[in-house]
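What follows is one structure encoded as structure tokens, with my remarks underneath.
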Amino acid sequence: KRTCDVILSESNDYYKDLSPEMREIFVLRLLYFLKHINFSSSNQICLTFEIKTLVASGFVQLTFGLKRYRLRNFETIHIAHKPYAYKDIGLLYHGDTNPKMARINLVWKVVEEGFKIPDDSLNLSIHEFSHALILDNKERMTFRKFYRHKDLIYYLLAAKLEMHRIRKGNDSLFRSYGATNLMEFFAVSVEVFFEQSKRFASDYPILFERLCFLLKQDPRQRNNPRI
């Protein structure tokens, strides 16, 4: 636990601001997550405990207000040393969530950068875990879901309105990539939720409130964001 605390105190701003009691809970959840997930990496990566801890901290941060915090449909997190491509797709990826392979892929340098710059609304770990949670949630029975159905529906209604505004060319706090589909908007809005929470709450109070209810936390309450 001490090692986790040292790593997170240096690298995760969300964790740094938590009260001692909340830090203890965070670390216990992180160790639980690490116990139930497999890690793999490309040959060029030395897969250290520090890498695993920082990657996993994105998941713990995202689920910190929830009662359930274990992925069931994703077995492995693969850490790549550089952007990669799939054979049948010409695009280069920094990360993706692959339900067919039950795997989340992440480029380490991009993950690291996401935590080093805590206010640019770009965090690959949080982004891909957002996808994984939505996909996992979809497969679960009602009483085992991460999110209450009502909270998810209310969030999606507000999200669709902002996606429509983005597609019409209006200025937005959310990057245009988020308007691709609801899965991407969720991931993009969660990044903004954690990294520009005050502006999010001020400019989009309804959407922010619905995301607070969905994730059961308010990141503006930095020492204890759980609600």
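Which helices count as membrane-span-like in the chain under these terms: full DSSP H, at least 18 Å along the axis by C-alpha, Kyte-Doolittle mean of 0.5 or more? Helices meeting the criterion: 20-35, 49-62, 182-195. Here r is the Cβ-Cβ distance between His36 and Leu156 and R0 is 30 Å; the resulting FRET efficiency, rounded to 0.05, is 0.60. Per-peptide packing, taken as the mean over residues of other Cβ atoms within 10 Å, places 179-187, 166-174 in the sequence 179-187, 166-174 from highest down.
Here the range 77-95 and the range 150-190 have alpha carbon centers that stand 25 Å from each other. Taking Cβ atoms as reference points and 11 Å as the exclusive limit, the residues near Asn73 contribute a net charge of +3, counting Lys and Arg as +1 and Asp and Glu as -1.
Take the Cβ-Cβ distance between Asp17 and Thr76 as r, set R0 to 22 Å, and report the resulting FRET efficiency rounded to the nearest 0.05. List each step's numbers first, then the result.
Numbers: r = 31 Å, r/R0 = 1.40.
My answer for the efficiency is 0.10.
So if we plug the beta-carbon distance of Glu209 and Cys46 into 1/(1 + (r/R0)^6) with R0 = 45 Å, what FRET efficiency do we get, rounded to 0.05? Given R0 = 45 Å and the Cβ-Cβ separation, E is 0.55.
Taking the mean number of other Cβ atoms within 10 Å as a proxy for protection, how do you rank 95-106, 13-24 from highest to lowest? Mind showing how you got there, number by number?
Values: 95-106: 17.7, 13-24: 15.9.
So the order, starting with the most tightly packed, is 95-106, 13-24.
Charge tally around Gly58: other residues with Cβ under 11 Å, Lys/Arg +1 each, Asp/Glu -1 each, net -2. For the listed peptides 134-141, 192-199, a ranking on the average number of other beta carbons within 10 Å per residue, highest first, reads 192-199, 134-141. Put a dot 7 Å past the Cα of Ala85, heading toward its Cβ, do the same for Lys168, and the two dots end up 3.8 nm apart. Charges were assigned to the Cβ only: +1 to each Lys and Arg, -1 to each Asp and Glu. The resulting dipole of the chain about its Cα centre is roughly 840 debye. Three principal axis extents describe the C-alpha atoms of the range 111-217; from largest down they are 37, 33, 24 Å.
Projecting label points 7 angstrom from Cα along Cα→Cβ for Ser176 and Asn223 puts them 4.4 nm apart.
Taken together, the values in this text are just the output of simple stated rules run on the coordinates, not laboratory data. Note that the structure is predicted; figures quoted are calculated from it, not measured. FYI the Cβ positions are ideal-geometry reconstructions off the backbone, even for glycines, and counts take in every protein chain you see.
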